[in-house]
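Everything on this sheet refers to the single structure shown next.
The values are calculated or read from the model by the stated rules, or taken from the named source; none is laboratory data. What you are looking at is a predicted structure, and each value in this text was computed from that prediction instead of being measured. Cβ placement follows ideal geometry from the backbone for every residue including glycine, while neighbour counts extend to all protein chains displayed.
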C-alpha cells in the first residue's frame with residue numbers, strides 16, 4: 001500500500017514533482033559545478049602562473065658572486081663552480097618530487113660572437129639549455145620561459161660540424177645575423193683557459209636557426225643546446241644554474257622559521273609541507289654542493305594570487321550552496337503545502353500522523369536522490385565545459401572533472417535540504433484539523 | 001457591503017496567507033541577495049586582482065642609454081606621467097671591490113621607494129632614511145664582506161665605509177648586491193641613476209598607454225615592459241573574470257528557476273480564488289493585473305531586503321578573502337531589480353495558460 005501510494009504520487013502528480021525536482025536538479029548542478037571548479041582551480045591557476053617562470057633557483061654553493069648589471073655578467077672569468085647535471089635525477093627522490101613541475105638546467109659562459117670571421121666582435125653571454133624533453137625528468141627550458149617568442153626553431157645538440165644557435169633579437173641585430181647565416185664563437189679572453197685551448201684562437205662555427213624575442217636580458221644572449229656548450233667548454237655534465245618550478249603552499253609564519261632550530265617533531269611537520277622553503281631545503285639535501293633558494297618575487301606573489309583566487313571560489317561556492325539550499329527548501333515547502341487536502345483526506349481515512357509524515361519524507365527523499373544524482377552528473381559536465389572554455393589552450397585542460405567524492409556529498413546535501421525544507425510544511429499540515437482542511441480546500 | 005479596492009484585496013491576500021507570502025518573500029530576498037552579492041563582487045573583482053598583482057613589483061623598466069645618464073628630473077617626470085597611484089624607484093649601479101678583494105655590484109637607491117615597490121624583498125631591518133651610510137647586504141654578497149659593521153668598499157680608488165643595517169633575501173640578482181642610499185652613492189662614485197623601475201597600476205591596456213606617454217615624455221630613454229608580468233597578469237585576471245561570470249550566471253539561474261517554481265506553484269494553488277473572482281464578474285485583465293501586482297510587491301520588498309543582505313555578504317566575502325572592504329554598489333541595483341521583477345512577472349504569467357482554460361463553475365463545484 002505504502003509503495004503504491006508512493007508510486008502513484010510520482011505518476012499522477014508529475015507537474016508538482018517536476019517543479020520540486022527541477023529546483024533540486026538545478027541546485028545540485030550549480031553546487032557540483034562550483035565545488036568541482038573550486039577544487040581544481042588551484043592547479044589551473046598554478047598552470048597560468050607558470051608564465052612567471054621558475055620559483056626556485058639552484059646554484060653551486062661555492063660559486064663566486066654574480067656581478068651582473070642589466071643582465072651583463074662582469075664576473076671575473078677564472079674559476080667558477082659547477083653542479084653535475086646527472087645529480088638532477090636525484091630530484092625525483094625528494095619528498096615533494098611530485099610537486100616539481102619543471103626543471104631547467106643551464107650552463108652560461110662569456111664568449112665573443114663574430115658576425116663574420118674576425119670581424120664585428122660582440123661580447124655575449126652564451127647560455128646552454130635543454131630544449132628537448134628528457135624522458136627521465138622534464139628538463140624543459142621552454143616550459144619555464146613561456147614568454148620567449150621564437151622565430152625559427154630551437155637548437156638541437158650533437159650536430160657534427162657546426163652547432164646550432166638561437167640569438168636574442170638585439171644580439172642578432174648588432175651582429176647583422178639572420179636565420180640560416182653562420183656566426184663564429186670564441187671564448188672571452190682568458191676564460192676557462194685550462195680547457196679546450198684551441199677555441200681561444202680558432203673560432204667555432206654556429207648556424208643561426210632562430211631568433212628569440214624575450215623582452216628581457218635574453219635579447220642580448222645566445223642560446224645553445226646544453227650538450228654543445230658542455231663540449232665546447234670541455235666541461236661534460238656541468239651546469240652552472242638550475243631553475244625549478246614547483247607547486248607550493250603559500251608561505252606563512254611557520255614556513256619562514258629555520259628548520260634546524262626546530263624540535264624534531266616540528267621539523268618533520270615543516271619538512272612535510274610543500275612550502276617553497278622546504279622544497280628548497282630538500283633540494284639542498286639531495287644535490288651535494290648545491291644552494292637552493294626560492295625566487296621570492298615569483299613565489300611570494302604567486303602564492304598570494306593563488307590563495308586569493310581559490311579563496312574567492314570557495315566563498316562563492318559557499319554562497320551558491322546557501323542560496324541553492326534556500327531555493328530548494330522553499331520549493332519543497334510549497335510542494336507539500338499544496339497537498340494539504342491530500343493530508344486531510346488520508347487522516348480522515350485513518351492514517352496515523354507518523355505514516356503520513358513517512359510517506360511525504362520518502363517522496364522528498366526519493367526526489368532528492370534522483371534529482372541530486374542527475375544534478376551531480378550535469379554539474380560535473382558543466383564544470384568540465386566551463387573549465388575547458390575558460391582555461392582553453394593550456395593543454396591538459398580537457399581533464400574530466402568527475403570527482404567521485406562529490407557524489408555522496410552532493411546527494412546527501414540534497415537530501416538534507418529537501419527534508420529540512422519539507423519539515424515545517426508537513427508539521428503544519430499535520431497539526432491542522434482534517435475536517436477544516438477538507439472543507440476549506442476541497 | 002464595503003467596496004473592494006485593489007489595494008484592499010492585495011493587502012488581504014498578502015496578510016491572509018502569511019506563511020505563503022513569507023516564503024515567497026524569502027525566495028525573492030534570496031534571489032535578490034545572491035544577485036547583489038555576486039554582482040558587487042564582480043564589479044570590484046578586476047580592481048582587487050590588479051591590486052594583488054602589484055605585489056610582483058615593477059612592471060615597466062626605464063633604462064638610460066649607456067652614453068647619457070638619467071636627467072636629474074627624470075624620476076619626477078615619470079611619477080607625473082604615471083600618476084600618483086604608480087610607485088617608482090630609481091637605481092644607480094657600479095662595480096666596487098670589497099675588503100676581501102671581491103668585485104661586487106653596489107646599487108644606490110631610495111630605500112623608502114624600494115620598500116613600497118618591491119614588497120617581496122625579505123629584509124630583516126631597513127636602514128634609517130636619515131642615516132647617510134646605512135646599507136643592505138644581499139645574503140650572498142654578505143659572505144664576501146669581511147667586517148659587516150664597517151663595510152669598506154673601493155670604487156676607482158675612492159674608498160667608502162658603510163654600516164650594514166640588514167640583509168636582503170630575494171633569490172634573485174639582489175642577493176649578490178649591496179644597496180646604499182642614492183645620495184651617498186653618487187657622492188662616492190660620481191655615477192648617477194641609470195634605471196627607473198615603475199609599478200603602473202591597472203591592466204595591460206593602462207600599462208600600454210602609460211608606456212606610450214612615458215616614451216613621448218622621455219624620448220631618449222628605453223621604456224620596456226616586464227613582459228611576463230604584464231601578459232600573465234591580464235591573462236589571469238581575464239580568466240578569473242570569466243570564471244566569476246560563469247559562476248554568477250549559474251547561481252543566478254539556479255535561484256531564479258527555484259524561485260519561479262515556488263511562486264508559480266503558489267499562483268496555481270489559488271485557482272479557486274481565480275474562479276471565484278471570475279464568477280463574480282472580474283475580467284481576465286483585472287485578474288492578471290491582480291496577480292502581477294501581488295508578485296511585483298513581493299519582488300520589490302525582496303529587492304530592498306536582498307540588497308542589504310547581499311551587500312553585507314559581498315562585504316564579508318571580500319573582507320575575508322582580499323582583506324579590503326567592498327562597499328555596496330548602488331549601480332548593481334537596477335540589474336537586480338530587473339532580474340527580480342522579471343522572475344516575479346514570469347512566475348505570475350507562467351500559470352496563466354492553465355488558469356485561462358479553467359471553467360469557474362466546474363472548479364467551484366469541486367470537480
Check: Would you pick out the residues in segment B:334-351 that are surrounded by 15 or more Cβ atoms within 10 Å (Cβ to Cβ) and either modelled with pLDDT of 85 or more or closer than 15 Å to residue B:25 by Cα (or both)?
Finding: B:336, B:337, B:339, B:340, B:341, B:343, B:344, B:345, B:347, B:348
Note to self: Given the criteria more than 9 Å from every other protein chain (Cβ to nearest Cβ), free of Cβ contacts under 8 Å to residues at least 60 places away in the same chain and either surrounded by fewer than 21 Cβ atoms within 10 Å (Cβ to Cβ) or touching a strand residue (DSSP E or B) at 6+ places or on another chain (Cβ under 6 Å) (or both), does residue B:221 qualify?
What the structure shows: no
Check: Restricting the search to segment B:23-41, which residues are more than 10 Å from chain A (Cβ to nearest Cβ) and under 18 Å from the mean Cα position of the chain (by Cα)?
Finding: B:36, B:39, B:40
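Here is a yes/no grid of residues against (1) surrounded by fewer than 21 Cβ atoms within 10 Å (Cβ to Cβ); (2) within 10 Å of another protein chain (Cβ to nearest Cβ); (3) modelled with pLDDT under 85; (4) touching a helix residue (DSSP H, G or I) at 6+ places or on another chain (Cβ under 8 Å):
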position	(1), (2), (3), (4)
A:263	yes, no, no, no
A:275	no, no, no, yes
A:292	no, yes, no, yes
A:299	no, yes, yes, yes
A:318	yes, yes, yes, no
A:329	no, yes, yes, yes
A:332	no, yes, yes, yes
A:337	no, yes, yes, yes
A:344	no, no, yes, yes
Check: Could you say whether any residue in segment A:28-43 is more than 9 Å from chain B (Cβ to nearest Cβ), crowded, with 18+ Cβ neighbours inside 10 Å, at pLDDT below 80 and closer than 30 Å to residue A:409 by Cβ?
Finding: no
Item checked: Answer residue from segment B:102-123, given it is more than 11 Å from chain A (Cβ to nearest Cβ) and without any contact (Cβ under 8 Å) to a residue 60 or more places away in the chain and is surrounded by the most Cβ atoms within 10 Å (Cβ to Cβ) among those -> B:113
Next item on the list: Tell me which residues, restricted to segment A:223-261, are surrounded by 16 or more Cβ atoms within 10 Å (Cβ to Cβ), without any contact (Cβ under 8 Å) to a residue 60 or more places away in the chain and within 26 Å of residue A:162 (Cα to Cα).
Entry: A:231
Margin query: Step by step: first the residues of segment B:65-90, then only those that are surrounded by 21 or more Cβ atoms within 10 Å (Cβ to Cβ) and over 29 Å from the mean Cα position of the chain (by Cα), then the one that is modelled with the lowest pLDDT. Which residue is that?
Written below: B:70
Item checked: Search result, residues across segment A:410-426 that are in contact (Cβ under 8 Å) with a residue 24 or more places away in the chain and surrounded by fewer than 16 Cβ atoms within 10 Å (Cβ to Cβ) -> A:420
Check: Which one is modelled with the lowest pLDDT among residues in segment B:156-171 that are within 14 Å of another protein chain (Cβ to nearest Cβ) and surrounded by fewer than 21 Cβ atoms within 10 Å (Cβ to Cβ)?
Finding: B:169
Check: If we scan segment B:328-346, do we find a residue that is without any contact (Cβ under 8 Å) to a residue 24 or more places away in the chain and under 13 Å from residue B:41 (Cα atoms)?
Finding: yes
Next item on the list: Tell me, yes or no, whether segment B:201-210 has at least one residue that is in contact with a strand residue (DSSP E or B) (Cβ under 6 Å, 6 or more places away or on another chain), farther than 21 Å from residue A:390 by Cα and within 14 Å of chain A (Cβ to nearest Cβ).
Entry: no
